[in-house]
1. Compute the length gained on full extension between residue 274 and residue 48: take 0.36 nm times their separation in residues and subtract their Cα-Cα distance, giving the result in nm to one decimal.
2. Which order do the peptides 33-40, 232-239 come out in when sorted by mean C-beta neighbours inside 10 angstrom, highest first?
3. Quote the relative contact order of segment 149-243 in percent (integer), defining contacts as alpha-carbon pairs under 8 Å separated by 6+ residues.
4. What is the gain in length, in nm to one decimal, between residue 220 and residue 244 on full extension, counting 0.36 nm per residue of separation less the C-alpha to C-alpha distance?
5. Relative contact order for segment 11-153 using alpha-carbon pairs under 8 Å, separation at least 6, rounded to a whole percent?
6. How high is the relative contact order of segment 121-187, given as a whole-number percent (alpha carbon pairs under 8 Å, six or more residues apart)?
7. When 1/r is averaged over all different Cα pairs and the result inverted, which Kirkwood radius in Å belongs to segment 176-279?
8. Once you have the Cα-Cα distance between residue 175 and residue 213, take 0.36 nm times their residue separation minus that, and quote the gain in nm to one decimal.
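What follows draws every value from the coordinates through simple rules; no lab data is involved. Every value quoted in this text rests on a predicted model; they were computed, and no experiment measured them. Virtual Cβ from ideal backbone geometry, glycine too; neighbours counted across all protein chains shown.
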């Protein structure tokens, strides 16, 4: 699946933060950073595609968490930075922040927690995006062991793990293992409210695996079936047309275009643009 092209980061400035008043005063008291407000503001930046603003926002709060000695807040911001730079195509930033987040888990003694599993998935997805599939698989295996051994692990976390781990197995040409995990991803996300968008992405990932294993000609019938399913999932009436929907439309459009479904690709890009303009 494609990602946004590289962004042009602007020089970071350190104004007083409107979310918490005087940051230096908060640091002196060791106050934890406001995690929910950080995430809400990040959503605002990303919703209006202010990528430079999102980067400044995250770097600002990373420094605040460090100065406050707030390891939990630091871990949250590091994870968001890994995802941000992965989408931006910035290997030189994404992978060092991923390794830093993993080291921080060790410093905190959190290596075997659900938080660790989520961090492993996030880091592994970044390593996979930049072709480091063996490192990615190592991290996915750690996450899988933690998720599957922890009672009541959220279904959306499991579904995301299976989908992304299968992609790595496909890249390593371990197709049978990849297809089994894609099937588990589909089954798991079917139980998640609003999981249709993730199922659409999984259908497109399976199509790519079929093409890689069999070739476009031999796999044509199966690929067409998967594209039809993906389109139905994207247009599921239960899916809200919000910023995430727009993001998924942008993410899926190039895959439809690759297989010659140009009208569908154009429609998805137009739908995304309408949502971005509205927000």
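1. 80.2 nm
2. Output ranking for 33-40, 232-239: 33-40, 232-239.
3. 26
4. 5.7 nm
5. 17
6. 28
7. So the Kirkwood estimate lands at 14.0 Å.
8. In short, 13.0 nm is gained.
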